[in-house]
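Take a look at the structure set out below.
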Amino acid sequence: MLKQSKNIILKVKDYSVSGEDFELLENESYGFLETHPQPSKEKLPEYYKSEDYISHTDAKRNLFEKVYHLVRVYALNKKLSLINNHVSAEKNLLDVGCGTGDFLSAAIKNGWQVSGVEPNEQARDIANKKTNNAVFNVEKLKEFQEASFNVITLWHVLEHLANLEEHIELFKKLLKPNGVLIIAVPNYKSYDAKHYKSFWAAYDVPRHLWHFNKSSIKNLVERYGFSLNQIKPMWFDAFYVSLLSEKYKTGKMNFIKGFFIGLISNVKALASKETSSLIYVVKK
C-alpha cells in the first residue's frame with residue numbers, strides 16, 4: 001500500500017492553468033514523489049482546461065507547436081519499432097491516454113489491432129476520426145476482457161493516473177501471458193530537472209500526480225509481479241521540457257537557452273543514463 005512521507009522534497013507551482021502552489025512529498029513505499037494535495041476526482045479535469053495543453057489538440061499555431069508535431073512524427077516511428085521488437089505473434093494493442101490518436105493511427109497502418117482510452121472528450125473525438133472509433137472513455141478499461149492485449153502502452157500517462165496501484169494491477173490482468181507493458185514517464189533525476197528545480201516543466205502539477213525515477217518504477221512494477229526488462233532514453237524530451245521550463249522561469253520562451261540546457265542534459269545522460277524522460281519495457 002502507498003505510504004506517504006511528510007518529508008517535503010520541493011515546493012512547486014502550476015504554471016500552465018491555475019497558478020496554485022503544491023508540494024512534492026517522498027513516497028516511502030516506492031521512492032517516487034507525490035503531488036500534495038492531490039485534486040479530487042471531480043476537480044482534476046479543471047486543471048486540463050487549457051488551449052496550451054498540447055496533447056489534446058492537433059493545433060499548429062506557432063513555431064513551438066509546429067516543431068512539436070514534427071518531432072512527434074519521428075517519435076511515432078520509434079515507438080512502433082519498439083513494440084514490434086517485442087511482439088512477433090498476435091498484434092493486439094491498448095494505448096492508455098492516447099490523446100488525439102496519432103500513435104494508434106500509425107499502429108493500425110502497421111498491422112496492429114488497436115484500442116485506446118482517453119478521458120478528454122475533445123481529444124477522444126479527434127482520435128476516433130483517425131482510428132474508426134477505436135477509442136473509448138476511461139470507464140472502458142474495466143470492461144475489457146482479461147488477457148486481451150499483447151502490449152499496453154502508456155506514453156507519458158502513468159504520472160496522470162489516480163489510484164496508481166489499482167491501475168498497475170488492472171494492466172496486469174489485461175495483458176496476455178508474456179505480455180509487455182510500455183511506460184514512458186519524466187525522470188526527476190535528469191540534469192534538466194536538477195537545473196530548473198521548482199520551474200521544471202515536467203513536474204506539471206497537479207496534472208502529474210506522481211514523479212518517478214528508475215528505482216521507483218522498478219519497485220512499483222516488481223511489487224505486482226512484473227519484471228523490468230529494458231530502459232530506453234527519450235532524447236527529444238530534454239529540449240521540449242527545457243523550453244517550457246525557461247518560459248516558467250523567465251516569463252518568455254527563450255529557444256536558445258532552452259535548447260542549450262536540453263543539449264547539456266542529453267550530453268550528461270550519455271554517461272549517467274538519466275535522460276529527461278525514460279521508457280520502461282516491463283514484462284508480465
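Quick one: what pairs do we get from region 253-275, first residue over 25 Å from SER16 (Cβ atoms), second surrounded by 17 or more Cβ atoms within 10 Å (Cβ to Cβ) and β-branched (Val, Ile, Thr), C-beta under 7 Å, 6+ apart or different chains?
Between residues of region 253-275 that are over 25 Å from SER16 (Cβ atoms) and residues that are surrounded by 17 or more Cβ atoms within 10 Å (Cβ to Cβ) and β-branched (Val, Ile, Thr), the close pairs are ALA269/THR275.
Being among the acidic types (Asp, Glu), within 26 Å of ASN85 (Cβ to Cβ) and crowded, with 17+ Cβ neighbours inside 10 Å narrows it down to one of GLU146, GLU118, so name that one.
Working: GLU146 fails: crowded, with 17+ Cβ neighbours inside 10 Å.
That would be GLU118, the only listed residue that is among the acidic types (Asp, Glu), within 26 Å of ASN85 (Cβ to Cβ) and crowded, with 17+ Cβ neighbours inside 10 Å.
Looking at PHE212, PHE260, which one is over 27 Å from ASN27 (Cα atoms), at pLDDT 95 or above and aromatic (Phe, Trp, Tyr)? Steps first, answer last, please.
Working: PHE212 fails: over 27 Å from ASN27 (Cα atoms).
Unique residue meeting the criteria: PHE260.
What number of residues in region 93-115 are surrounded by fewer than 20 Cβ atoms within 10 Å (Cβ to Cβ) and either of a type in the set (A, V, I, L, M, F, W, C) or not in a helix (DSSP H, G or I) (or both)?
The total comes to 5.
Taking only pairs six or more apart or across chains, which ones have beta-carbon atoms under 6 Å, a first residue in region 179-199 that is farther than 15 Å from PHE239 by Cα, and a second residue that is surrounded by fewer than 21 Cβ atoms within 10 Å (Cβ to Cβ) and among the acidic types (Asp, Glu)?
Listed by first residue and then by second, the contacts come to LYS189/GLU274.
Which pairs do you get when a residue that is of a type in the set (Val, Ile, Thr), found in region 97-115, comes within reach of a residue that is in a strand (DSSP E or B) and buried (at least 17 other Cβ atoms within 10 Å of the Cβ), reach meaning Cβ atoms under 6 angstrom, with the pair 6+ apart or on two chains?
ILE108/VAL114; VAL114/LEU93
Testing ALA193 on (1) touching a Lys or Arg at 6+ places or on another chain (Cβ under 8 Å); (2) farther than 19 Å from ILE83 by Cβ; (3) buried (at least 19 other Cβ atoms within 10 Å of the Cβ); (4) not hydroxyl-bearing (Ser, Thr, Tyr), one condition comes back false. Which one is that?
Result: ALA193 passes all but (1).
Quick check on this structure: which one of LYS78, LYS91 is farther than 23 Å from ARG207 by Cα, at pLDDT below 95 and more than 20 Å from the chain's Cα centre (by Cα)?
Result: LYS91 is the single residue among LYS78, LYS91 that is farther than 23 Å from ARG207 by Cα, at pLDDT below 95 and more than 20 Å from the chain's Cα centre (by Cα).
The values are calculated or read from the model by the stated rules, or taken from the named source; none is laboratory data. For clarity, every value in this text was computed on a predicted model and none was experimentally measured. Note that each Cβ is placed from the backbone with ideal geometry, even for glycine, and that neighbours are counted across all protein chains shown.
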